[in-house]
Amino acid sequence: MGIPLIGMNFFLDTAETAQWEYWLTKGLFYGVTTNPTLLERAQLPCTLEQLKELAQRAFQLGAQEIHLQTWGTEVQDLVRRGQAIAAIDARVVVKVPITLVGTEAATQLLRQNIRVTLTGVYAVHQALIAAALHADFAAPYLGRMTDLGQNGRQQIALMQQGLKGINSSTKLLVASLRSIDDITQLATQGLDTFTLSPTIAKQLFQVDATQKAAQAFEQAAKG
């Protein structure tokens, strides 16, 4: 079922390969996450062939793992495409929406020893659904939860407490981050796996005092 992630792990949340080429060389990101919406933004077709090409490119650039999403309104379609996605490479994790249909499809995939991320998590009890299925990951959408009037950070902290309380192996893969503060605050609650847009990735290095110190070091080195 894959090697458990230890410590802090960042994923890059985009289907734009130009962003992969820039960020995956930095050594900061463990892997990549995508979904049909991100494919559409990157003007890429949502096809099995396209996903295979993306996975191959991600691994060439050093990604250790890529999360690719299955699609369909029927269980059999989700399962069929999920099987095809998993067959691309052992380092692929299949994303499945945490709907009733998606949960049934995820169950079938998990029984075939296919790694699964249940995605589109908005409520605490949905993390428990993922745990009950023994899914590898559950992906709560922090920013979107907050947009709906929820205290997103608090809800995700409760998810983490619940998973820890039942000693679940399911990890939370926090998505829809809006600021670096989201990461730092949730890290204090034991969250250690996040997927970041390129915009948030840039914010990691936008510390004025550090930039000024680096400039001073260079000036000193030049005498």
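What follows is calculated from the coordinates using simple rules that are stated; it is not laboratory data. If you're wondering where the values come from, they're calculated on a predicted model, not measured in any experiment. Please note: Cβ atoms are built from the backbone with ideal geometry, for glycine as well, and neighbour counts cover all protein chains shown.
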Sort out which residues of segment 135-154 are within 28 Å of Leu109 (Cα to Cα) and crowded, with 19+ Cβ neighbours inside 10 Å, and write them in order of number.
Ala135, Asp136, Phe137, Ala138, Ala139, Pro140, Tyr141, Leu142, Met145
If I ask for residues that are among the acidic types (Asp, Glu) and over 16 Å from the mean Cα position of the chain (by Cα), which ones from segment 15-64 would you list?
Glu21, Glu40, Glu49, Glu53
Check Thr195 against each of (1) within 19 Å of the chain's Cα centre (by Cα); (2) farther than 25 Å from Trp23 by Cβ and name the one condition it does not meet.
(2)
Restricting to segment 91-149, give me the number of residues that are in contact with a Leu (Cβ under 9 Å, 6 or more places away or on another chain), assigned to a loop (DSSP other than H, G, I, E, B) and touching a residue at least 40 places away in the same chain (Cβ under 8 Å).
3
Applying the selection to segment 52-75, what residues are part of a helix (DSSP H, G or I), touching a helix residue (DSSP H, G or I) at 6+ places or on another chain (Cβ under 8 Å) and not small (Gly, Ala, Ser)?
Leu54, Arg57, Val75
Within segment 56-66, is there a residue that is crowded, with 16+ Cβ neighbours inside 10 Å, over 18 Å from Leu173 (Cβ atoms) and without any contact (Cβ under 8 Å) to a residue 40 or more places away in the chain?
yes
Can we say Gly31 is surrounded by 14 or more Cβ atoms within 10 Å (Cβ to Cβ) and over 23 Å from Arg111 (Cβ atoms)?
yes
When segment 172-188 is checked residue by residue, the ones that are assigned to a loop (DSSP other than H, G, I, E, B) and surrounded by 15 or more Cβ atoms within 10 Å (Cβ to Cβ) are Leu173, Ser176, Leu177, Arg178
